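Here the structure comes first, spelled out in structure tokens, and everything after it is commentary.
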Amino acid sequence: MKVLHLNRFFYSGQTTHAFSLVKEQQKQGLDARLILDGNPSYQALELYRETINELGVTTVKPGDLQAVLQQLQHWQPQVIHAHSPLTFPLAALLAREYSAPLVITCHGLGLNNQEMSPYLQQASAIICISRRVANSMHDFAAKVHLVPNGVDLQEFKPAPKSEPVKIAYVGRIDQSKLKGYNHFCKAVDLLEQVEFFVAANKPPNSKTAHYLGWTSDVAGLLAKTDIVVGTGRAIIEGLACGNAAIILGRSCQGILTPEKIKAKAIDLSGLVGNDPCYKNIFYDLAKLTQNKIYLQQLQKFGRELAEKEFDNTKLTRKIIVIYEQILTLPIK
């Protein structure tokens, strides 16, 4: 099966997801290709050079249909899969050009609007990465599929942990996350005998943080840390590496516990919880750093949750089954 993926490059979990999905689809026997619609900076290209070369990723100027057609030439995709809303118009044109079904992945909220409606209507399948996102697509419920982001459990796996306790904040900082980010840094600075690492696009306001910038070796970082903080894919990767997790984005959900998972659907968005406050964050961190047995229990729980819910091999297979189903349907 020939599948063309389209994505706009950002320093985000969405970009990492596109890379990992294409890699796993290739591993499972699909002829999957990824085109980045937009021109990543030289720095960004260098950061992901190895992955880009390994997967055969190419780039075009934003919305450049002729450039895509030129790149593909005699290769005709059977499925067009768009990951960024900025690529939906190009993906829709390509789907018509090749008489191929269009698949859209919704990585966040706010897409069920008038501007996006034509593309959502054209899509044969809409993949949503969380129950919250799926519920926002009520107008298109018949073709919505809930498939979380997956991680490679062989790449993201625990390594031996060592003293002192190591904390990692991983994520792309925008205005909505800035308050939580600053309060978290303030809380960590109040702790003693911990190591604090930050992998983000914005330097932390912290006296103690080791600022790594945006790193492509997240697996190496999280394998050695004990506590991961952030939202979405960063949390999933941290869980796979045997970290306890604190969900912190626009809001602070606090420590991810088995009790919270049992009470309701998994929500890693950082959109639910309390207004971020360094005092509450400090209290959560103190519970984890001062009780080694509790920390180890949550680390074990994290890895088990990743194996159960976020195995990229299984989730990729689920997406392939969606492709197989829509290929039997009339093209819209």
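Coordinate-derived values only; no laboratory data. Predicted model only: the values in this text are computed from it and were never measured. Neighbour counts run over all protein chains shown; Cβ positions are idealised from the backbone, glycine included.
Values for this structure:
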quantity: Of 166/308; 143/300; 143/308, those spanning more than 28 Å from alpha-carbon to alpha-carbon; calculated: 143/300
quantity: Calculated over the stretch 129-206: convex hull of Cα atoms, volume per residue (Å³); calculated: 138
quantity: Candidates per GluC sites (Glu not before Pro) in the stretch 170-269, loop by DSSP, up to 10 other Cβ within 10 Å; calculated: 192
quantity: Considering only the stretch 165-309, percent of DSSP beta bridges that pair antiparallel, nearest 5; calculated: 20
quantity: Cα-based helix-to-principal-axis angle, 312-326 vs the chain, degrees rounded to 10; calculated: 30
quantity: Least to most buried among 214, 75 (fewest other Cβ within 10 Å first); calculated: 75, 214
quantity: At most 13 other Cβ within 10 Å, DSSP loop - trypsin sites (Lys or Arg not before Pro), the stretch 71-156; calculated: none
quantity: Likely footprinting exposure, 15, 328, 58, fewest C-beta neighbours within 10 Å first; calculated: 328, 58, 15
quantity: Amide H contacts of residue 230 (H built 1.01 Å from N, under 5 Å, at least 5 apart or other chain); calculated: 246, 248
quantity: The stretch 261-326 versus the stretch 204-230: alpha-carbon centroid distance in Å; calculated: 17
quantity: Residue 5 long-range amide H proximity, modeled H, under 5 Å; calculated: 33, 34, 35, 81
quantity: Nearest 10 degrees, 0 to 90: helix 13-27 Cα axis against the chain principal axis; calculated: 60
quantity: Inverse mean reciprocal Cα-Cα distance (Kirkwood Rh) of the chain, Å; calculated: 20.5
quantity: From phi via Karplus (6.51, -1.76, 1.60), per-residue ³J(HN,Hα) for the stretch 145-155 in Hz, x at Gly/Pro; calculated: 10, 8, 9, x, 4, x, 10, 6, 6, 8, 6
quantity: Extension gain, residue 50 back to residue 293 (0.36 nm per residue minus Cα-Cα distance, nm); calculated: 83.6 nm
quantity: Principal-axis tilt of helix 292-309 within the chain, Cα atoms, nearest 10 degrees; calculated: 10
quantity: Ascending count of other beta-carbon atoms within 10 Å, so fewest first, for 248, 288, 47; calculated: 47, 288, 248
quantity: log10 of Debye I(q)/I(0), alpha-carbon scatterers only, for the stretch 165-309 at 0.10, 0.20 Å⁻¹; calculated: -0.27, -1.26
